[in-house]
Amino acid sequence: TQSTVIITGASSGLGLATAQALARTGEWHVIMACRDFLKAERAAKSAGMPKGSYTVMHLDLASLESVKQFVDNFRRSGRPLDVLVCNAAVYFPTEKQPRFSAEGIELSVATNHLGHFYLARLLLEDLQHKKTDTNRRLIIVGSITGNTNTLAGNIPPKANLGDLRGLAGGLNGVQSSAMIDGGEFDGAKAYKDSKVCNMLTMQEFHRRYHKQTGITFASLYPGCIATTGLFREHIPLFRTLFPPFQKYITKGYVSEEESGKRLAQVVSDPKMTKSGVYWSWNNDSNSFENQLSEEASDADKALKLWEISEKLLELD
Ligand code: NDP
């Protein structure tokens, strides 16, 4: 029997490459959780994913109502859940003004962090079914850019959640700042901050639920996939120069296909069941347990982030 994996943002880039790698094995049924149904369906077809190896289900992470509906739809499908991959993200590096989610929350943190936090909290229950005895996993895609202990993470503006006062205020840009630390809006920083939230959330899930549920909680940095849609909002010169820069100067470049293989490994490799780990790969494509920056591994901050996020989503 096939195992079931939900991948958010599987309509392009890393998510699509991972869906493709898993569908090809014949051992996985991929639920492509996407905001653009047609785009996802076309992407699956052009990636050559066999019919019956995937289902596209609508999910817009920038709307909590949509997240709730997605969970209901998934439950109605009757499939037991084995792995959830929180992969989707938006990035607005050149934006001068914040954009907002359906609930009026700054869009990059709302999509990348809060939408996924809500989804993962709801689906935690589904990951605990007793129908099969597979190793269940909850994977949240992280990034080097939120890690200030790396070269890439030190390119300004650096990630910094501060005391989370902006998040506590709802990131609405009216009564409170649209930035987590309460500062002035900066699209590139908002993305990096949201990735720090992703890595902190993974660790807090691990501390709260790993022992009790046996679920593996993991994050990863898949490498710099300089060709994906993530950079679609960047200036044209950046989009031209970024891939060769990563390929020849930083040597951090990976193809979409290789990054998909890496994430597919974290989903399915029987050797990667350790929980609480942030995976990375060396230049020979061998995986290793990487170190997170001080902020991205701060347990007090993780707890505070969890509690403020619960409050914002009215989950507490
Ligand atoms: P892409 O832009 O190619 O993929 C992002 C996906 O997220 C798209 O499928 C997009 O959907 C989806 N998405 C965006 N907003 C929403 C939403 N509101 N609801 C549902 N889905 C949404 O970028 P990547 O593949 O590069 O990014 C994937 C992950 O990898 C991200 O978490 C990113 O932070 C991480 N990452 C990427 C790196 C890189 O170098 N590219 C490096 C490190 C980490 P749509 O197709 O409809 O736009």
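Sequence-distant contacts, meaning Cα pairs under 8 Å at least 6 residues apart, place the relative contact order of the chain at 19 percent.
If we sort 182-189, 197-204, 88-95 on the protection proxy, mean other Cβ atoms within 10 Å, highest first, what's the order? Don't skip to the end; give the middle numbers.
On the way: 182-189: 18.0, 197-204: 25.8, 88-95: 20.5.
Packing order, densest peptide first, comes out as 197-204, 88-95, 182-189.
When all protein chains stay in place and ligands, DNA and RNA are ignored, the 1.4 Å accessible-area order of HIS210, HIS116, largest first, is HIS210, HIS116. List the aspartates and glutamates whose alpha-carbon lies under 12 Å from that of LYS131, not counting same-chain residues fewer than 8 positions away? Candidates past the 8-residue exclusion: ASP82. The largest accessible area among SER255, SER143 belongs to the first residue in SER255, SER143, and the rest follow in falling order (1.4 Å probe, all chains). For the chain, a Kirkwood radius taken over Cα pairs fed into Stokes-Einstein (20 °C, viscosity 1.002 mPa s) yields D = 110 µm²/s.
From the P(r) of region 53-210, could you give the percentage of C-alpha pairs in the tail past 21 Å?
Numbers: 5981 of 12403 pairs.
Percent of Cα pairs beyond 21 Å in region 53-210: 48.
With θ taken as phi - 60° and the Karplus curve 6.51 cos²θ - 1.76 cosθ + 1.60 applied, the whole-hertz 3J(HN,Hα) list for region 36-41 is 10, 4, 5, 4, 5, 4 Hz, x standing for glycine and proline. Taking amide H as placed 1.01 Å from N in the peptide plane, TYR278 has its amide H under 5 Å from the amide H of SER219, ASN290, each at least 5 places away in sequence or on another chain. Protection proxy ranking for 237-248, 288-299, using the average of other Cβ atoms within 10 Å per residue and placing the highest first: 288-299, 237-248.
The values are calculated or read from the model by the stated rules, or taken from the named source; none is laboratory data. Keep in mind the model is a prediction, meaning the values are calculated, not measured. Neighbour counts are summed over all protein chains in view; Cβ atoms, including those assigned to glycine, are modelled from backbone coordinates with ideal geometry. Remember, those area values only see protein heavy atoms, side chains included, never the ligands or the DNA or RNA. Shrake-Rupley method; radii C 1.70, N 1.55, O 1.52, S 1.80 Å.
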